[in-house]
Amino acid sequence: MDPIHMIALTMGAAWASGINLYATVFMLGILNTTGHITLPADLQILSDPLVLIAAGLMYCVEFFADKIPGVDSGWDALHTFLRIPAGAVLAAGAVGDVGPAAQLAAGLVGGSLAATSHAAKAGSRAMINMSPEPFTNWAASFSEDFAVIGGIWAALYHPWVFLVGLVIFILSMIWLLPKLWRGIRKLLSAIGRLFGAGTPQPPSPPPPPPPISSS
């Protein structure tokens, strides 16, 4: 695999993992199994039948959970702890043959890129969920599914197109993330409540009345 294809695969796997981890793993594994691509040695495990079955099953679960307003934000909150480290692992595995230094650097960049795409997805979904109608939510979910499939395909077969698109995405996120902060704060609050950080404390008892002096 030439350097451009390796860079595109590294960044593509990390970026897509931040949006839909299971679709990313399943798509890469299927393409490698069917001989359409040859993954690096450290990513060959994605073609293992157990990995494909698990990724396919979880993608089916996410497909429906991601289209229910409110449930999708809870799903995103839980997957904050999965998508970002998985993006780092996939990015590191894509350059595993180059050397440990490149693997560590790819993991750091990949984790950051996965965090950016995850923040964009979770923040925009939290804001969309403020609207009571579900159709915008469905449209966003289908768009994200198509973006992951198209992004992985472009990274594998048209790396320069993908890399240009990735630069545009990063520049857009620099401008958009401050505007999405409201949604991201809502997601962080959900994570805090999930682990009990947002549990309200019982009110403190009122102070005792002053003593009555006798005269």
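The values are calculated or read from the model by the stated rules, or taken from the named source; none is laboratory data. Here the structure is a predicted model, which is why all the values come from computation and not from measurement. Don't worry about glycine lacking a Cβ; one is built from the backbone with ideal geometry, like all the others, and counts go over all protein chains shown.
Assess whether residue 25 counts as being touching a helix residue (DSSP H, G or I) at 6+ places or on another chain (Cβ under 9 Å), surrounded by fewer than 22 Cβ atoms within 10 Å (Cβ to Cβ) and more than 21 Å from residue 3 (Cα to Cα).
So residue 25 fails the test.
Considering each of 51, 25 in turn, give the residue that is modelled with pLDDT of 95 or more, under 14 Å from residue 94 (Cα atoms), in contact with a Phe, Trp or Tyr (Cβ under 9 Å, 6 or more places away or on another chain) and in a helix (DSSP H, G or I).
25
For the range 68-96: of the residues being surrounded by fewer than 20 Cβ atoms within 10 Å (Cβ to Cβ) and more than 14 Å from the chain's Cα centre (by Cα), which is farthest from residue 121 (Cα to Cα)?
96
So which residues in the range 1-47 are under 20 Å from residue 102 (Cβ atoms) and either in contact with a Lys or Arg (Cβ under 6 Å, 6 or more places away or on another chain) or of a type in the set (S, T, N, Q) (or both)?
Scanning the range 1-47 gives 10, 17, 38, 44.
Quick one: is residue 63 at pLDDT below 95 and aromatic (Phe, Trp, Tyr)?
Taking the combined requirement at face value, the residue satisfies it.
Here are 177, 156, 188: which of them is closer than 30 Å to residue 4 by Cβ, surrounded by 13 or more Cβ atoms within 10 Å (Cβ to Cβ) and at pLDDT below 90?
Numbers: 156 fails: at pLDDT below 90; 188 fails: closer than 30 Å to residue 4 by Cβ.
Of the residues listed, the single one that is closer than 30 Å to residue 4 by Cβ, surrounded by 13 or more Cβ atoms within 10 Å (Cβ to Cβ) and at pLDDT below 90 is 177.
Please tell me if residue 162 is of a type in the set (Phe, Trp, Tyr), part of a helix (DSSP H, G or I) and more than 20 Å from residue 122 (Cβ to Cβ). Lay out the reasoning, then the answer.
Numbers: of a type in the set (Phe, Trp, Tyr): yes; part of a helix (DSSP H, G or I): yes; more than 20 Å from residue 122 (Cβ to Cβ): yes.
Here the answer is yes, as residue 162 does meet what is asked.
For the range 34-48, give me the residue count where each residue is part of a helix (DSSP H, G or I) and either out of contact with any helix residue (DSSP H, G or I) (no Cβ under 9 Å at 6 or more places or on another chain) or in contact (Cβ under 8 Å) with a residue 12 or more places away in the chain (or both).
Result for the range 34-48: 6.
Just the residues that are within 14 Å of residue 4 (Cα to Cα) and surrounded by 14 or more Cβ atoms within 10 Å (Cβ to Cβ), please, taken from the range 159-169.
Correct list: 159, 162, 163, 166.
When you scan the range 124-142, how many residues do you find that are part of a helix (DSSP H, G or I) and either acidic (Asp, Glu) or surrounded by fewer than 11 Cβ atoms within 10 Å (Cβ to Cβ) (or both)?
Looking only at that region, the number is 1.
So the check is Cβ under 9 Å with 6+ separation or different chains; which pairs have a first residue in the range 101-124 that's under 17 Å from residue 163 (Cβ atoms) and touching a residue at least 60 places away in the same chain (Cβ under 8 Å) and a second one that's surrounded by fewer than 22 Cβ atoms within 10 Å (Cβ to Cβ) and small (Gly, Ala, Ser)?
106/96
Where residues in the range 26-65 are among the aliphatic types (A, V, I, L, M) and in contact with a Leu (Cβ under 6 Å, 6 or more places away or on another chain), which of them is farthest from residue 155 (Cα to Cα)? Don't jump to the end; show me each part of the working.
Going residue by residue through the range 26-65, those that are among the aliphatic types (A, V, I, L, M) are 27-28, 30-31, 37, 39, 41, 43, 45-46, 50-55, 57-58, 61, 65.
From the residues that got through so far, the ones that are in contact with a Leu (Cβ under 6 Å, 6 or more places away or on another chain) too are 28, 37, 46.
Details: 28: 11, 37: 12, 46: 17 Å.
Applying the filter and picking the extreme gives 46.
Pairs only if they're at least six apart or on different chains, beta carbon under 8 angstrom, first in the range 51-68 and at negative phi, second surrounded by fewer than 17 Cβ atoms within 10 Å (Cβ to Cβ) and not in a helix (DSSP H, G or I); list them, first residue then second.
Filtered contacts from the range 51-68: 67/134; 68/134.
Given (1) under 19 Å from residue 84 (Cβ atoms); (2) touching a Ser or Thr at 6+ places or on another chain (Cβ under 9 Å), where does residue 10 come up short, assuming only one miss?
Just one mismatch for residue 10, condition (2).
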